[in-house]
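The values are calculated or read from the model by the stated rules, or taken from the named source; none is laboratory data. If you're wondering where the values come from, they're calculated on a predicted model, not measured in any experiment. Cβ coordinates were reconstructed from backbone atoms using ideal geometry, including for glycine residues, and neighbour counts include every protein chain displayed. Only protein heavy atoms, including side chains, enter the accessible area calculation; ligands, DNA and RNA are left aside. Shrake-Rupley method; radii C 1.70, N 1.55, O 1.52, S 1.80 Å.
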Amino acid sequence: MVSKENKYKNIYQENYPKVMRLCMGYTVGDEALAKDLAQETFIKVWQNLDGFRNESGIGTWIYRICVNTCLAEIRKQRKKDRNLSIDTFQVSDSNEDPTEKEDMLVQLYGCINKLSSTNKAIILLELEGLPQLEISEIMGIKHEAIRTRIHRIKQQLTKCVNNE
Amino acid sequence: MNNFEELQNKWQNQSGTSATDNGFETLLHSVKSIENKQRIGNIVLTITIIILASFLIYVSGYKSNTFLLGISLMIGSLVVRIAIELYSLKKLRSINFSKDSSTFKSDLTNYYSFRKYIHYLVTPLALMIYAIGFVILLPLFKATLSHGFYLYILFSSIVFLLIFCVFIYKQIKSELSKLKQLQVQD
């Protein structure tokens, strides 16, 4: 029998990278803030692990917790994030590398930050390569509506990254 | 020119997002520390209730109705306010983070709407009743305490009330802004 702690460690190791990427998307690439959000997500995973009933895959379940944690926590930082995004954008446009991150990722973070909180979550899940049906389950939005939204956001995002 | 697939590829291969053993140990430590804090919180609350109950039993021996009225209003408003805060905390903790995002958002909106009712009605009422209780007690303080100590109680209470009001104002402002953002259609 696997102990709760061992099970938790496996879940953590398997899911940390995708949780961290999602949080980075929400925090406009602010790694420290993203780490805090990822930690908050995994604390909630631990607290709710006994109640997980395999009704959805563990991955979907963790994505839900992560999206909701970011949604609930990020509001305190949003104004700051917007300013950060604008600053990053200006530096990026002038071809100066503000951090060690690649320009394209920096540009991408900034473009994602321009989206509404729901659209941001949807596109972050799409960037992770999740099937649209799973995205619709995570977001609680009908599959058809998700498909249309994703199409629209993808166009918006690609245009923004390419400075069109 | 970057198409979406390129962006996706770049996104999934970004560095600095992998799990570490050290990271897991820190996480586990946080989890245990939260559980401990909850245990300590419950102990502190129980002790506070015992002290408050003992104090009430002690002061019930006083024959002065004015004193009993004043102290009851002050302690009563505090107890009601604390009880509502604890209920709110329980309500917030009961929000299920593993539900789909639309349901979660609606649950969170309901929670902050409930808090709005507390902020606009219960909190001002509790503060008012607390202040009335204190004002009722003032003549008794003046009659029984030295002038210096009376002034100390009077001014320190006003300062405490002002600090408390600023703290509550900040909390209300932050929660109302969260509610506003949650209600933005997207």
Quiz item: If you bin the C-alpha pair distances of the protein assembly as shown every 20 Å from 0, what whole percents do you get?
Solution: 24, 45, 23, 7, 0
Quiz item: How much accessible surface area, in Å² rounded to 10, belongs to the heavy atoms of residue A:137 with a 1.4 Å probe?
Solution: 80 Å²
Practice problem: Using a 10 Å cut-off on Cβ to Cβ distances, tally the other chain neighbours for every residue of A:152-159 and report the average as a whole number. | Solution: 2
Quiz item: What order, most packed first, do the peptides B:67-73, A:115-121, A:105-111 have when packing is the mean number of other Cβ atoms within 10 Å of each residue?
Solution: A:105-111, A:115-121, B:67-73
Self-check item: Cysteines without a disulfide-compatible neighbour (Cβ-Cβ under 4.7 Å), the protein assembly as shown
Solution: A:23, A:66, A:70, B:165
Quiz item: So what is the orientation-averaged projected area of the stretch B:93-145, using the convex hull of its C-alpha atoms, in nm²?
Solution: 5.2 nm²
Practice problem: Could you size up the charge dipole of the stretch B:1-56 around its Cα centre, putting +1 on the beta carbon of Lys and Arg and -1 on that of Asp and Glu, and report it in debye to the nearest 20? | Solution: 360 debye
Quiz prompt | Share of pairwise Cα separations in the stretch B:127-167, more than 15 Å, in percent | solution = 43 percent
Exercise. Report the full-extension gain for the segment residue A:151 to residue A:36: residue separation times 0.36 nm, less the Cα-Cα distance, to one decimal in nm.
Key: 38.3 nm
Quiz item: Assuming R0 = 30 Å, what is the FRET efficiency of residue B:164 and residue A:43, from their Cβ-Cβ distance, to the nearest 0.05?
Solution: 0.50
Quiz item: If the cut-off is a Cα-Cα distance under 22 Å, which lysines reach residue B:142, setting aside same-chain residues fewer than 8 apart in sequence?
Solution: B:63
Quiz item: By how many nm would the segment from residue B:29 to residue B:15 grow when fully extended, if each residue of separation counts as 0.36 nm and the alpha-carbon distance is taken off?
Solution: 2.5 nm
Quiz item: Roughly how much accessible area, to the nearest 100 Å², goes out of reach of solvent when A and B pair up, both sides summed, probe 1.4 Å?
Solution: 4400 Å²
Self-check item: Helical contribution to [θ] at 222 nm, DSSP H n ≥ 4, -39,500 (n - 2.57), averaged over the protein assembly as shown, rounded to 500
Solution: -27000 deg cm²/dmol
Exercise. Compare the peptides B:32-43, B:170-181, A:12-23 by average per-residue count of other Cβ atoms within 10 angstrom and give them in order, highest first.
Key: A:12-23, B:170-181, B:32-43
Exercise. Set the Förster radius R0 to 45 Å, insert the Cβ-Cβ distance between residue B:43 and residue A:142 as r into 1/(1 + (r/R0)^6), and round the FRET efficiency to 0.05.
Key: 0.40
Quiz item: Across the residues of B:56-69, average count of Cβ atoms on other protein chains within 10 Å?
Solution: 0
Quiz item: Which residues in the stretch A:1-38 have a backbone N closer than 18 Å to a point placed 7 Å from the Cα of residue A:50 along the Cα-to-Cβ line?
Solution: A:2-9
Exercise. Using the 2.2 N^0.38 Å rule of thumb for compact globular proteins, work out how the stretch B:42-182 stacks up: its C-alpha Rg over that value, please.
Key: 1.32
